[in-house]
Amino acid sequence: MKKFIFGFGLFLIFHSTVAAQQKLNLSKAISIALKENMQISVAKNSAEIARNTASAAKAEILPRFSVSGGVNYTDSDAPGVISGTYTTSSVGANISYTIFDGMGNIYRLKKVLSTGRIGLLEARKNIENTILLVGQAYYQAASSFEGLNIAVEALQISKERLKRAEEKNVYGSGTSIDVLSANVAVNTDSVNVVNSIFLWNQARRNLNELLNREIKLQFTVDTTVTFLKIENLENLLFKAEKENAEYLIAIEQKKQAKYSKISAFSQMLPRFDLTGSVGYSRTGQNNSIGFDNMSKTIRAGLNVSLPVFNGGQMRIAFQNSKLLAENQSILEKLSKRRLERSVINAYEAYKNSRLLLKLETQNLKAAELNFKRTYDLYQLGQVTTTQFREAQLNLIKSKNVLQTSKYSAKINELKLKQITGDIIIDNKISLK
């Protein structure tokens, strides 16, 4: 018995500090996560890398420019050449540009830009997944906190019952069996309080970790729940096709496969390259190094090349790219089908959880009414302790089931918003 009193005493100390603790709601938790969560920070950096990568420079379609310079020393006495020692100094600049390579450069650029979009979408998907985890952890904490309050309320009622049974036993209107029964209820409810404190602290630590805060940081949660208006299924399906990050990635991958196919075909077409250079050189006797009185040389040209045969590698690459494009087309259709299934499942799960919540609310009203009547009759001595405890346990069960149903419905709501691309995200990651 002492350990249960000790456990309850710990709760009273904890409960006395609740009013002074920070109250956290879901909106604030998400706001903290967007700034502090380490997975989100990694996703933001990945998005920045994707932006930097999506450039014309990466696609290698810009002109190529280089400069060079050098000094060469020669000592020769070979017949037929200038004999003696001399030094040649030179500087120069070269530029080249591919004006046509079968449109391969254009589609390389498109593929690079598509890769950048995929990077942003991957980052967005990771952020949305993390926000969903934060929401689930928050509602788990809220459920644990509410469960703790229910357990404490039940313990208080059982303690009042024990006190009444002891008083009645003293005055001869009760029995020792009533006292023992009340003691059992107090002990059982004390165990529930201790377990509820453990679950609440565990849920709070889990949420603190996701928010990248001090693990032991104390706070309370807002258990007020407001359900958002959800659109009809047709609108949700339409929105999911436009906003779901995973499906948009599948679309981009299909585009990339198409660009790769065209690029592979372009390797079999003529290539035109413009080249140009300007150079200055000077040759002096012995170790004479200098850049005065240099002679200038300017060159310009157009190079045309046409691949004729390379062992069939180009043909095989093109055939493989066609097959890869076909595969990506199939995978995009599969992704769309899965998205449709996921939206419908999430929508039905949300609707079902709301219906269960409504039914459990009605059950709680009935359990509360039954307990109130039983309590009044128990005060008058017209029901047994067993009947009283049964009514109390039914009330506790109804309250716990209701609070679990409430937060399950909110989690299902979050999942539906994530699938349809409507969950809160950092606008720096958004592609809009």
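Each reported figure results from applying straightforward, stated rules to the coordinates on display, with no laboratory input. Owing to the predicted nature of the structure, the values given are computational and were not obtained by experimental measurement. Here the Cβ positions follow ideal geometry from the backbone for every residue, glycine too, while neighbour counts run over all protein chains shown.
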| query | On average, how much area does the Cα convex hull of segment 328-379 cover when viewed from any direction, in nm²? | reply | 4.0
| request: Evaluate the relative contact order of the chain (contact order divided by residue number), counting alpha-carbon pairs under 8 angstrom at least 6 apart; express in whole percent. | output: 24
| Quick one: Karplus J couplings for segment 192-201, per residue in order, coefficients 6.51, -1.76, 1.60, θ = phi - 60°, nearest Hz, x for Gly and Pro? | 4, 5, 4, 5, 5, 4, 4, 5, 5, 5
| Could you give me the ³J(HN,Hα) list for segment 96-107, computed from phi with Karplus coefficients 6.51, -1.76, 1.60 and θ = phi - 60°, whole Hz, x at Gly and Pro? | 9, 8, 8, 8, 7, 9, x, 6, x, 5, 5, 7
| task | In Å³ and rounded to a whole number, note down the convex hull volume per residue for the Cα atoms of segment 153-309. | result | 465
| Each residue of segment 144-161 in order: what ³J(HN,Hα) in whole Hz does its phi give by Karplus 6.51 cos²θ - 1.76 cosθ + 1.60, θ = phi - 60°, with x for Gly and Pro? | 5, 5, 5, x, 5, 5, 5, 5, 5, 4, 5, 5, 4, 5, 5, 5, 5, 5
| task | Mind jotting down the distance between the C-alpha centroids of segment 225-276 and segment 335-403, whole Å? | result | 46
| query | Which listed residue (Val383, Leu228, Asn52) has the Cα farthest towards the positive end of the charge dipole for segment 2-419, taking +1 on Lys and Arg C-beta and -1 on Asp and Glu C-beta about the Cα centre? | reply | Val383
| request: Give, as a single signed number, the net charge of other residues whose beta carbon lies under 10 Å from the beta carbon of Lys261, with Lys and Arg counted +1 and Asp and Glu -1. | output: +1
| remark: FRET efficiency (Glu368, Val191; Cβ distance; R0 30 Å; to 0.05) is 0.80
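For the chain, what does the helix formula give at 222 nm: sum of -39500 (n - 2.57) over DSSP H segments with n ≥ 4, over the residue count, nearest 500 deg cm²/dmol?
-23500 deg cm²/dmol
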| field | Pairwise FRET efficiency - Lys397 versus Leu217, Cβ, R0 = 30 Å, nearest 0.05 | value | 0.40
| note | Taking Cα atoms only, helix 38-53 is inclined relative to the longest principal axis of the chain by an angle, in degrees rounded to 10, of 20
| request: Of the options Ile215, Ser281, Val170, report the single residue whose Cα projects farthest towards the positive end of the charge dipole of segment 155-300 (beta-carbon charges: Lys, Arg +1; Asp, Glu -1). | output: Ser281
| field | Helix axis angle, 313-379 relative to the chain longest principal axis, alpha carbon, degrees | value | 20
| said: As I understand it, the value is the acute angle between the Cα axis of helix 26-36 and the longest principal axis of the Cα atoms of the chain; what does it come to in degrees, rounded to 10? | reply: 30
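To one decimal place, what orientation-averaged projected area in nm² is obtained for the convex hull of the Cα set of the chain?
Working: hull surface 148.0 nm².
Seen from a random direction, the Cα hull of the chain projects 37.0 nm² on average.
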| task | Pick out, from Ile118, Ile131, Asn363, the residue whose Cα sits farthest towards the positive end of the charge dipole of the chain, with +1 on the Cβ of Lys and Arg and -1 on the Cβ of Asp and Glu. | result | Asn363
| remark: Shape descriptors of segment 315-428 over alpha-carbon atoms, Rg and Dmax in angstrom, are 26.2, 95
| query | Assigning unit charges at the beta carbon (Lys, Arg +1; Asp, Glu -1) and nothing else, what dipole magnitude in debye, to the nearest 20, does segment 2-419 show about its Cα centre? | reply | 780
| query | So who's got an amide H within less than 5 Å of the one on Leu24, skipping anything under 5 residues away but keeping other chains? H placed 1.01 Å off N, in plane. | reply | Thr220, Val221, Asp222
| said: Give the lysines reachable from Lys239 as a straight Cα distance under 23 Å; neighbours fewer than 8 places away on the same chain don't count. | reply: Lys125, Lys229, Lys254, Lys255, Lys333, Lys336, Lys351, Lys410, Lys415, Lys417, Lys428, Lys432
| task | With label points built 7 Å along Cα→Cβ from the Cα atoms of Ile344 and Leu62, find their separation and express it in nm. | result | 5.0
| Label Asn94 and Lys35 with points 7 Å out from Cα along Cα→Cβ: what is the distance between them in nm? | 5.4
